[in-house]
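S.K.: Got a structure for you, questions after.
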């Protein structure tokens, strides 16, 4: 549903080209049939449906697209890409929008963003995921210290949660991967 | 010494925008033997052609080079112009400055350089052109129509009524085609059989029309005016002259198999007629399922047949006949919707195609016109139509719009409400295309009068749930996803050509597009001709068509054939091979490579030489390439001319 | 008998340790060797490709190149790792600029390495025959459904693995071992694995749908080949029950656990007792 009138400020003529370059997808192929939205398991939680996002990229509505929660709700299940009659990898476009919003520091779903940040910082530090460490830091940052404590306890009881952090060898080699300027 | 005129066309901005015409004209004026060079905005126009004619007179030109569009477009135009100017029409060469230069090279300097090189080659070639003469070729005034659907039937009727002998070949046991399977037709809701059957009868009663049903074209040789066609009349195992069509054999035959005509929703016997109004009204034995022909026992039909028409020994028969023209009307089949994994790969019984639904709606069909769920025979109350299955779908290899599905779905939706008034009918569409006469009104009637619910959005998934089919869909206008159960799902499956039509295209030397539809000679101006002269195309084998357009193209092909047959004679193409008897050493390498059997060996001054049959040669040039002594030359493309072109380019 | 460069990924070393144990048991039993890539690092999973496509590709390339010296194909049991490594291999193969940069940076030449899942490997005709030959008689009569999820099969252009709409490979290999697999319509619907921590409400809703559909199909247990699916369906089953007022108690097995069981391994030896939902007694009862 429209919450505001779109104006010239919301529009950016380079937006389409930017999304296409980053995602490697030709967004103009989309003829808005809606099959992506029809099959999307997360459509329920999306303020804009995938086909609407596609159409808005085509037109160039940068602001409303990048500040939409839709890309953040994407589960990356790939159903849209699998069934798209125009063979567009819509999943890759959602990733691109996430990346663009992240870089522009648009905080739509802070919890999701914090999770991704903590996950990546954990593997940047250890080379491998330190589940317990990540979970604790995450809960701290979210201000929800007991989030998933029930499940965590169950997994700990079954001996599946390690207290000690993992550590991958050859850190000097892989550490630079996490420094963006290297790419 | 030749006197060459060079004329360069701007083609409006088409050529002039990226080729410096002035430079090309100036360069041409300096080329050897060129006496005159000029330019014009539209050389093909009357003004342009008059300019050429005037220049020929004024400068005593004896041959012409045109720098313009592809010769495919206007070669005939300029030949006629030369004839008008009093020159032999073959004293002409065309440099293609549009398709091969301006349209593909945006750089003006490079394009101009290439244009000058192409004109230079044409000048070098035309200097060596010789006048060529055509010959008169007689016409066989008989037409062959391939395909006995409504298109083939209409074309055969038109030709028969015009007084021309016509043979109608149909691969199925009866003529009638797809239209015979339809229940009603849009947008008038005429009963399909009621309007088709009289046409079937009419064509079968025309004395100068012969119908070969259960027959297929094997090969086509020759050319316009005189095609030699071999037709395989497949064994029917019935003596057509004796069978009265009484039908007792089909009542008693013990073998029951799914009926092709009923789309597998009903059964037929191993000896059968595809449908009651079949023409010819005679039986056929299916050799794949007949108990006697497969297991060697039964022969019940032979015992029952009072006419003694059963002939288990019958063999395929090949007949070869000559025709002056051929009309191809092989129709369409449905896309194989079982390729849609997201719709269950065809494993749901309550998901059927639109063509299945036609049979279900038909009072003479397998359910006697009752709409049922195939899984349990109950009457469905919630029915969904999914559009664009196997059309507008690049991922499935069918990016084109099949054109007929929107309208037949509207028809199905209306008929559904007529048959089951309390049914909830939903149509899931992407765009409704209703661009024919009274089509939009018909589609609106489905919504307004019958309350059919149109939801804009492609269905993503269909799955079985509690005995219903669940659709995962979206209303793209509302921005709302939908998950709803249905009792019956009808797929509006798109049209694709028959594989056998693609086969046939190879055999008659016709080209097809990426999907296998026949390619017409010109998409706008020659829509019912193929590039092979004398072969015409009608109906859905050229692209999906509704019935009005199919009938219109069918009559158009008949008119084209009538025009051809009205000529006193045809003119042969002079650009064919000739063999210089002095040079020929009689090795006959040419005979081996000729695809048209145009070469024979004859004695000449004490030696055997190869001779070209001028009425058969098509000018392909194979013999020229094979000839070791240089005796074989293609008129209009002699070694001398071609080497002249290469020399000009290499200077 | 074959050798594979084994890429366990983070979860097989922690919350999916039973998947690792059962994969190793089954492969050893069939005479195959798994050689762990000693310097492997995390594939980045969804957080990487959702926030930084370049990082995601680099992580995959690093791991693929780390295995290059061994000359072996890579076996990645975790569906998420399998998916990321496949995407990386696809990029290495088709993006020359990327491959050259990766080769220089990670100091390895990219070999023509295949990324394999045990689901695919165990479906080779030889392995199917070998499995049939070693299964013990006491296979379970439990009614199962195979749940493939997203990551094994999508996107099909890159994964080129099984049928993206109706996959059959888990059904096939378990069928060969004598198990009863039911047909159902939810093989590749998403359980919300990538959202489990960051957006739990959505994940629980999707997980509940999978459990519900399996129950409707008559399944007593669900078989998976993905640690993310397993965690959602098993460890979060109690959360689903709480959120939707349900009483699901459906055991969730890795397909290799069932193969190991059919081959005669004790359930506890391959970690079946580590499931949160009781899974050992049910299995024994059916046997």
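S.K.: Output the Cα-based Rg and Dmax of chain B in Å, rounding Rg to one decimal and Dmax to a whole number.
M.R.: When restricted to Cα atoms, chain B yields Rg and Dmax of 30.5, 92 Å.
S.K.: Right, another one. Please determine, in degrees from 0 to 90 and to the nearest 10, the orientation of helix C:17-29 with respect to the longest principal axis defined by the Cα atoms of chain C, where the helix direction is its Cα long axis.
M.R.: For helix C:17-29, the angle is close to 80 degrees.
S.K.: Among C:124, C:51, C:238, which one shows the biggest mean-square fluctuation in a GNM of chain C, springs joining Cα atoms closer than 10 Å?
M.R.: Largest GNM mean-square fluctuation: C:51.
S.K.: Rg (Å, one decimal) plus Dmax (Å, integer) for the alpha carbons of chain A?
M.R.: Looking at chain A, its Cα Rg and Dmax stand at 19.2, 57 Å.
S.K.: Turning to a different aspect of this structure: How much of the DSSP bridge set in chain B is antiparallel, in percent, rounded to the nearest 5? Numbers along the way, then the final one.
M.R.: Numbers: 52 of 101 bridges.
The antiparallel fraction comes to roughly 50 percent.
S.K.: Then there's this: Kindly state, to the nearest 0.05, the FRET efficiency for residue B:478 paired with residue B:267, given R0 = 56 Å and r defined as their beta-carbon distance. Each step should come with its number before you reach the end.
M.R.: Details: r = 45 Å, r/R0 = 0.80.
The value I calculate is 0.80.
S.K.: Apply 1/(1 + (r/R0)^6) to the Cβ-Cβ distance of residue B:363 and residue B:188, taking R0 = 25 Å, and write down the FRET efficiency to the nearest 0.05. Display every interim value, and only then the final one.
M.R.: Working: r = 18 Å, r/R0 = 0.71.
After rounding, the FRET efficiency stands at 0.90.
S.K.: Now, a different point. Can you classify the range B:12-64 as rounded, prolate or oblate using the Cα gyration tensor, where a ≥ b ≥ c are the square roots of its eigenvalues, rounded means a/c under 1.5, and otherwise it's prolate if a/b beats b/c and oblate if not? The partial results should precede the final answer.
M.R.: Numbers: a/c = 3.19, a/b = 1.21, b/c = 2.63.
Oblate, since a/c reaches 1.5 and b/c is not below a/b.
S.K.: Take the Cα coordinates of the protein assembly as shown, assign each an equal point scatterer, and use the Debye formula without solvent to give log10 I(q)/I(0) at q = 0.06, 0.07, 0.08 Å⁻¹.
M.R.: -0.69, -0.90, -1.07
S.K.: Which angle between 0 and 90 degrees, to the nearest 10, do you get for helix C:125-134 versus the longest principal axis of chain C when only C-alpha atoms count?
M.R.: Approximately 40 degrees, to the nearest 10.
S.K.: Okay, moving on. How high is the FRET efficiency from residue B:321 to residue B:202, r the C-beta distance, R0 30 Å, rounded to 0.05?
M.R.: Values: r = 23 Å, r/R0 = 0.76.
Computed FRET efficiency for residue B:321 and residue B:202 comes out at 0.85.
S.K.: Once the piece of chain linking residue B:134 and residue B:230 is laid out straight, how much longer is it, given 0.36 nm per residue of separation minus the C-alpha distance between them? Can you show the working numbers first?
M.R.: On the way: separation 96, 0.36 × 96 = 34.56 nm, distance 2.86 nm.
Going from the current span to full extension adds 31.7 nm.
S.K.: With 10 Å bins from zero, work out the P(r) of the range B:475-579 over every alpha carbon pair and list the percent per bin.
M.R.: Using 10 Å bins, I get a P(r) of 12, 31, 24, 16, 11, 4, 3, 0 for the range B:475-579.
S.K.: Taking 0.36 nm per residue of sequence separation and subtracting the Cα-Cα distance, how much length would be gained by fully extending the chain between residue C:182 and residue C:124, in nm to one decimal? List each step's numbers first, then the result.
M.R.: Values: separation 58, 0.36 × 58 = 20.88 nm, distance 2.20 nm.
Gain in length upon complete extension: 18.7 nm.
S.K.: Right, next: Under the rule of -39500 (n - 2.57) per DSSP H run of 4 or more residues, summed and divided by the residues of the protein assembly as shown, what mean residue ellipticity at 222 nm is obtained, to the nearest 500 deg cm²/dmol?
M.R.: On the way: 43 runs with 412 residues, N = 1121.
So the calculated ellipticity at 222 nm is -10500 deg cm²/dmol.
S.K.: Per q in 0.20, 0.21 1/Å, what log10 I(q)/I(0) does a Debye calculation on the alpha-carbon atoms of the range C:149-239 return?
M.R.: -1.01, -1.10
S.K.: How big is the gap, in Å, between the Cα center of the range B:26-79 and the Cα center of the range B:598-619?
M.R.: 37 Å
S.K.: Once both labels are modelled 7 Å past Cα along the beta-carbon direction, what's the residue B:525-residue A:124 spacing in nm?
M.R.: 6.7 nm
S.K.: Continuing with this model, one more query. So how do C:161, C:248 line up by other beta-carbon neighbours within 10 Å, fewest first? All intermediate terms of the calculation are to be shown ahead of the outcome.
M.R.: Details: C:161 23, C:248 17.
Fewest to most other Cβ atoms nearby, the residues stand as C:248, C:161.
S.K.: Share of antiparallel DSSP beta bridges in the protein assembly as shown, in percent to the nearest 5?
M.R.: Numbers: 52 of 117 bridges.
So the antiparallel bridges amount to about 45 percent of the total.
S.K.: Which residues in the range B:287-330 place their backbone N less than 13 Å from a point set 7 Å from the Cα of residue B:252 along the Cα-to-Cβ direction?
M.R.: Of the residues in the range B:287-330, B:298-310 have backbone N under 13 Å from the label point off residue B:252.
S.K.: Among rounded, prolate and oblate, which fits chain C when a ≥ b ≥ c are the square roots of the eigenvalues of its C-alpha gyration tensor, a/c under 1.5 means rounded, and a/b larger than b/c means prolate? Write out the running numbers ahead of the final one.
M.R.: Working: a/c = 1.98, a/b = 1.34, b/c = 1.48.
Oblate is the answer for chain C, as a/c is 1.5 or above yet b/c matches or exceeds a/b.
S.K.: What is the range B:422-472 by shape, rounded, prolate or oblate, if you read a ≥ b ≥ c off the alpha carbon gyration tensor as root eigenvalues and call it rounded for a/c under 1.5, prolate for a/b larger than b/c, and oblate otherwise? Kindly include the intermediate steps, with their values, before the conclusion.
M.R.: Working: a/c = 3.85, a/b = 1.82, b/c = 2.12.
Here the range B:422-472 falls in the oblate category.
S.K.: Any chance you could run the full-extension gain for residue B:602 through residue B:294? It's 0.36 nm times the residue separation minus the Cα-Cα distance, nm to one decimal.
M.R.: 105.7 nm
S.K.: Based on the alpha-carbon gyration tensor of the range C:101-252, what equivalent-ellipsoid semi-axes (square roots of 5 times the eigenvalues) come out, in whole Å, largest first? Intermediate values should be presented prior to the final figure.
M.R.: Numbers: eigenvalues 165, 118, 32 Å².
One finds semi-axes of 29, 24, 13 Å for the range C:101-252.
S.K.: A follow-up question, please. Viscosity 1.567 mPa s, temperature 4 °C: what is the translational diffusion coefficient of the range B:236-337 from Stokes-Einstein with a Kirkwood Rh over Cα pairs, rounded to a whole number of µm²/s?
M.R.: Values: Rh = 15.4 Å.
The Stokes-Einstein estimate is 84 µm²/s.
S.K.: Here's something else I'd like to know. Measure nothing but the geometry: give the 0 to 90° angle between the long axis through the Cα atoms of B:439-448 and the longest principal axis through the Cα atoms of chain B, rounded to 10°.
M.R.: 30 degrees
S.K.: Based on the alpha-carbon set only, what is the convex hull volume of the range B:471-519 divided per residue, in Å³?
M.R.: Looking at the range B:471-519, the number lands at 114 Å³ per residue.
S.K.: Using the basic label-point model (7 angstrom from Cα toward the beta carbon), what is the residue B:303 to residue A:28 distance in nanometres?
M.R.: Here the modelled spin labels are 7.4 nm apart.
Only the coordinates and a few stated rules stand behind these numbers; no lab work does. Just so we're clear, the structure is a prediction, and the values are computed from it rather than from any experiment. As a convention, Cβ positions derive from the backbone with ideal geometry for all residues, glycine included, and neighbour counts pool all protein chains shown.
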